[in-house]
Structures are given as C-alpha cells and as structure tokens.
Amino acid sequence: MDPHNLAQSTPAQPDPIDLVRLTRSENRFLVHPPAHLRLPSFVLPPLPMSVTNRCLVMAQSFWATHRRCIGFLLLMDCENHRWGCGIPTQRCSADAACWNINRRDFDELPASSVVAGSFQSRVVSNLEELVDAPPPCPGLHLVHRVGGDYNGPEIATFLRAGEICLPIQPEVALFDDWSAALTDFQERIQLL
C-alpha cells in the first residue's frame, strides 16, 4: 500500500470530551468540573428551552426527511456555566441513534466544556423502553418520542448521577428563556 494513501485511510484518533460529574446535594445537583480545569463546583444550571427547542426542531425535521432518529450532545462550559448543543458523529436508525463523543466533531468547543447530557429522538413502544433510553453517562438527558405505541409524554426528561437515573419533571431542569427574553424586551414592544 502506498504510504501516502495510508495516512488518508487511517481513521483519526479519538479526542474525547470530558463527561460531567454530578453529585446530589439536598434538592440540587452539583457539577464538578474535571480536575485539570481547576474550577470550583457549581449548581447545575437549568437548560434553556431555546437549546431544547433547537434540538427538537432539528430532530423533527430529520425524522420527517429521513425517517431516522438522531442524537445531540448537551454541552456545558464549566467556566461560564452555559449550555450548548451539537450533533456528534453517529449512526441513525429507524428506531434509535448511537453516537460517539469526539472533540474533533466540534471545532470551536472551549477546553472548559464537558458533555453534560443528551437529547435524542427515539421510537418508544412502552414505558420500559423509554426508561432505558438515556445513555449510561451522567447528565441531563431528554428523550423525544417520535414513534412507537407508547402514549407517554412527547419528551421525557431524566437526570443521571452515578448509577442513578431519575425521571424528572421538565420544569425542574428547564428554563423558559423565550418568555424571559420577551419580558426583558416588553418595554420595546407596543401592542396595536
């Protein structure tokens, strides 16, 4: 084999993104940034609905176009405590998606960012499949039901810390930044 072609055919080495570490303290969850960042722990901030809505709209569009599920990483910048999302490399099937966590998928991801959860579309036929859907990594996980026979919520929310994965009410983990923005700009808006 030509050595010049070998470099092109060899897959790039993975460059993993650190995973969030969560612990429960009373009714709150604390984020413990990776030790190499030398940042203090902080309370897990609520996920802005603008982030979840972005994932939801893209997942619905992907389902409508391809009839395939898709997954998103929910990313937390441990320096400024802000959420973001991104689409990792993945295999998308008709009932679920399976993704890799690789920093190379996100060119401008700050070094202080960690994977703090996921958003995925999923075909769910029963409650057991819904509860099994969150990945085994810690964080906030949202499962968007796109098909199947189960008539539960369209989006289920889970929080995983250690070995425990708890179903939680969305209002516990989400922040309605859309309404907050409209309230902030209310003085600029005149209703006719």
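Assorted remarks:
- Largest GNM mean-square fluctuation among 19, 166, 56, using the chain with Cα springs under 10 Å: 166.
- GNM on the chain, alpha-carbon springs under 10 angstrom: the most fluctuating residue among 139, 148, 84 is 148.
- Low-density loop positions, chymotrypsin sites (Phe, Trp or Tyr not before Pro), the range 25-108 - DSSP coil, at most 10 other Cβ in 10 Å: none
- Potential extension, residue 182-residue 57 segment - 0.36 nm per residue separation minus Cα distance: 42.9 nm
- Span from the the range 30-100 Cα centroid across to the the range 151-179 one, whole angstrom: 13
- Computed lengthening from residue 67 to residue 37, 0.36 nm per intervening residue step minus Cα-Cα distance: 6.7 nm
- Filtered chymotrypsin sites (Phe, Trp or Tyr not before Pro), the range 128-192: DSSP coil and at most 13 other beta carbons within 10 Å: 185
- For residue 74, the amide hydrogen comes within under 5 Å of the amide hydrogens of 116, 117, 118, 119, counting only partners 5 or more places away or on other chains and with H modelled in the peptide plane.
- Here the 3J(HN,Hα) profile of the range 146-163, calculated from phi with Karplus coefficients 6.51, -1.76 and 1.60 at θ = phi - 60°, is 10, x, x, 9, 6, 9, x, x, 5, 10, 9, 10, 10, 10, 10, 9, x, 8 Hz, Gly and Pro shown as x.
- Prolate/oblate/rounded label for the range 12-174 (Cα gyration tensor, a/c 1.5): oblate
- Added length on full extension, which subtracts the Cα-Cα distance from 0.36 nm per residue, residue 189 to residue 25: 54.9 nm
- 3J(HN,Hα) along the range 122-137: 7, 7, 10, 9, 7, 4, 4, 5, 5, 5, 7, 5, x, x, x, 9 Hz, from the Karplus curve 6.51 cos²θ - 1.76 cosθ + 1.60 with θ = phi - 60°, whole Hz, x for Gly and Pro.
Throughout, read-outs are computed from the coordinates displayed, never taken from laboratory work. Bear in mind that the values here come from a model prediction, so they are computed numbers and not experimental data. Ideal geometry is used to build each Cβ from the backbone, glycine not excepted, and the neighbour counts take in all protein chains shown.
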